[in-house]
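Encoded as structure tokens, the structure appears first; notes follow it.
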Amino acid sequence: MRERTFTEQARRTQLIDVTIELVAEHGYPATSLARIAESAGITKAAVLYHFPSKNALVEAAYAHVLTGLVTVVGTAVAAAAPVDGPAAYVRSMVGHLREHPRHVRMIIEAMINVVPEAASADRWTAVADLLDQARAARGIKGPFDRRTAALVIGGGIDAIVAESLTDPAYDTAAAADVLVTAIERAWLI
């Protein structure tokens, strides 16, 4: 496969950005290749030159959004001590998603319509690993249901973010703090 030119890469980035905006605003079903092309100021054939299908373009937009999220959250977690990994995860995840509501909608639409397998064990396993590391750093021994704990944390994050989408005045930072306190009390003492 040949390397893309600067212009081709710029056009692909533009198409990904347009797709994120349109999917977030109108939903996956109402975002057609024609609508994407019109918003980008190019022809549908030009869109198909860069992406073979609508699904391929939505997958690329989904990957772009996830890469940004993983980078922010990963940086926050890496900067935290192991005992604070779960708190850093929750606060950075909630904060990033609060700041990028269109990305939240892009993720949801892509997971429902294009990449349903994305809702795999990857997310809960990463959180469970952070809990394991925090427990080890605190000297906490004994078994616990790491999968359920991670799923509860993920569900809490999802609920906080969903509430912020319906109520922009909702204090997500305070809600993240409540979730962190619940995590501490349930699994880290």
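The values are calculated or read from the model by the stated rules, or taken from the named source; none is laboratory data. As the structure is a prediction and not an experimental result, all values here were calculated from the model. A quick note on method: Cβ atoms are made from the backbone with ideal geometry, for glycine too, and the neighbour counts reach across all protein chains shown. For accessibility, only protein heavy atoms count, side chains too; no ligands or nucleic acids. Shrake-Rupley method; radii C 1.70, N 1.55, O 1.52, S 1.80 Å.
Full extension of the segment from residue 112 to residue 181, taken as 0.36 nm per residue of separation minus the current Cα-Cα distance, would add 21.7 nm. A protection proxy built from the mean count of other Cβ atoms within 10 Å ranks the segments 22-35, 94-107, 156-169, most packed first, as 94-107, 22-35, 156-169.
Reducing segment 1-60 and segment 134-172 to their Cα centroids gives an inter-centroid distance of 34 Å. So what's the angle, to the nearest 10 degrees on a 0 to 90 scale, between helix 121-137 and the longest Cα principal axis of the chain? Value to nearest ten degrees: 30. Per residue, the solvent-accessible area of the chain (1.4 Å probe, heavy atoms of protein chains only, all protein chains present) comes to 53 Å². Relative to the longest principal axis of the Cα atoms of the chain, the long axis of helix 172-187 lies at roughly 50 degrees.
Charge tally around residue 64: other residues with Cβ under 11 Å, Lys/Arg +1 each, Asp/Glu -1 each, net -1.
Model label sites at residue 71 and residue 151, defined 7 Å from Cα along the beta-carbon direction, differ in position by 3.3 nm. Of the peptides 38-51, 7-20, the ranking by mean beta-carbon count within 10 Å, highest at the top, reads 7-20, 38-51. Ligands, DNA and RNA left out, the accessible area of segment 97-142 computed with a 1.4 Å probe is 53% carbon and sulfur.
What you get for the chain, charging only the Cβ of Lys and Arg (+1) and of Asp and Glu (-1), is a dipole of about 380 debye around the Cα centre.
Could you compute the net charge surrounding residue 44? Neighbours are other residues with a C-beta less than 12 Å from the C-beta of residue 44; K and R count +1, D and E count -1. Taking every Cβ under 12 Å from that of residue 44, the sum is +1. Extension gain for the segment residue 189 to residue 159, taken as residue separation times 0.36 nm less the Cα-Cα distance, is 8.4 nm to one decimal.
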